[in-house]
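Here is the structure we will look at.
The values are calculated or read from the model by the stated rules, or taken from the named source; none is laboratory data. If you're wondering where the values come from, they're calculated on a predicted model, not measured in any experiment. Quick reminder, even Gly has a Cβ in these numbers, built from the backbone with ideal geometry, and neighbours come from all protein chains shown. Side chains included, ligands, DNA and RNA excluded: accessible areas come from the protein's heavy atoms. Shrake-Rupley method; radii C 1.70, N 1.55, O 1.52, S 1.80 Å.
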Amino acid sequence: MKSDEVFRVRREELIEGLVREGILKSRPVIDAMMRVPREEFVLAKYKDLAYADTPLPIGFGQTISAPHMVAMMTEALRPSRGDKVLEVGTGSGYQAAVIAEMIKPEGHVWTIEIIPELARFAESNLKRTGYDTYVTVLIGDGSKGYEDASPYDKIIVTAAAPSIPEPLVSQLKEGGRMVLPVGDAYLQILKVVEKRGGFLHVEDSVPCVFVSLVGEYGFKRWEVS
Ligand code: SAM
């Protein structure tokens, strides 16, 4: 079998497993995760592990999130065609590509990464896979959001925040949704936030462990769990 075919089969098996476990539920998320080649977003030495349901190192003490976590967060975020989405914590660019699959062709994803080398890694992954048309990678402290393209229909934070960053709340549209892990540096709860009638409605989802969001509205230094 050609290696593309091997990866496609592994991808299908992983996704079928996530559906069986009840983690993947909706057709658009299943289709998006079926289309995005995760092997193109991991370091070359981990390609063989691309479809293990685990986070993998991407360098600089950071990780590409586990597929089940990408599935859960995307299900909770509910991206839809035409949405303007902000992602904080680009990492490998994989989560941004999954969202791009769901908001294209009219929508757009702005994704911010604080480590310049990782922003460049993500940019090259997104370009190679053709998602660069729908995703803009920015370098900076995403805990402050990105005001220039705001307001957003959806905001996703893929690093652990000590609390919901205030600038992200103001950059979220009325009726918009935000998904983010909130807690200490070692354990967080995935929060699903909706802005309705000017108020925030916050629901707790599952416990999770993410690397820290470091910045003005995040932790003050790297704390690795
Ligand atoms: N979404 C990524 C993916 O699909 O590969 C995984 C993100 S990784 C778990 C968390 C990322 O958040 C790291 O790359 C880290 O450098 C980044 N990060 C931490 N603090 C940040 C901040 N204030 N602004 C932007 N990125 C930040």
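Residues checked against (1) more than 20 Å from residue 83 (Cβ to Cβ); (2) without any contact (Cβ under 8 Å) to a residue 40 or more places away in the chain:
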{"site": "184", "(1), (2)": "yes, yes"}
{"site": "188", "(1), (2)": "yes, yes"}
{"site": "196", "(1), (2)": "no, yes"}
{"site": "207", "(1), (2)": "yes, yes"}
{"site": "210", "(1), (2)": "yes, no"}
{"site": "220", "(1), (2)": "yes, yes"}
### Task
Just give me the residues in the stretch 14-43 being part of a helix (DSSP H, G or I), within 16 Å of the ligand (Cβ to nearest atom) and either touching a Ser or Thr at 6+ places or on another chain (Cβ under 8 Å) or farther than 18 Å from residue 97 by Cβ (or both), in sequence order.
29, 32, 33, 40
### Single residue of the stretch 86-108 satisfying the filter (in contact with a Phe, Trp or Tyr (Cβ under 6 Å, 6 or more places away or on another chain) and of a type in the set (A, V, I, L, M, F, W, C)) that is nearest to the ligand (Cβ to nearest atom)
97
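Here is a list: 182, 192, 202. Which entry is away from the ligand (no atom under 16 Å from the Cβ), touching a Ser or Thr at 6+ places or on another chain (Cβ under 8 Å), of a type outside the set (D, E, K, R) and in a strand (DSSP E or B)?
Result of the check over 182, 192, 202: 192.
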### Query
Is it the case that residue 56 is without any contact (Cβ under 8 Å) to a residue 24 or more places away in the chain, aliphatic (A, V, I, L, M), within 25 Å of residue 115 (Cα to Cα) and within 11 Å of the ligand (Cβ to nearest atom)?
yes
## Note on the structure
Flagged pairs (Cβ under 7 angstrom, 6 or more apart or on separate chains; first in the stretch 91-103, closer than 13 Å to residue 73 by Cα and touching a residue at least 40 places away in the same chain (Cβ under 8 Å); second near the ligand (Cβ under 7 Å from one of its atoms) and open to solvent by 10 Å² or more (accessible area, probe 1.4 Å)) are 95/65; 95/158
### Query
Inside the stretch 85-113, can you point out the residues that are crowded, with 22+ Cβ neighbours inside 10 Å and part of a loop (DSSP other than H, G, I, E, B)?
89, 90, 91, 92, 93
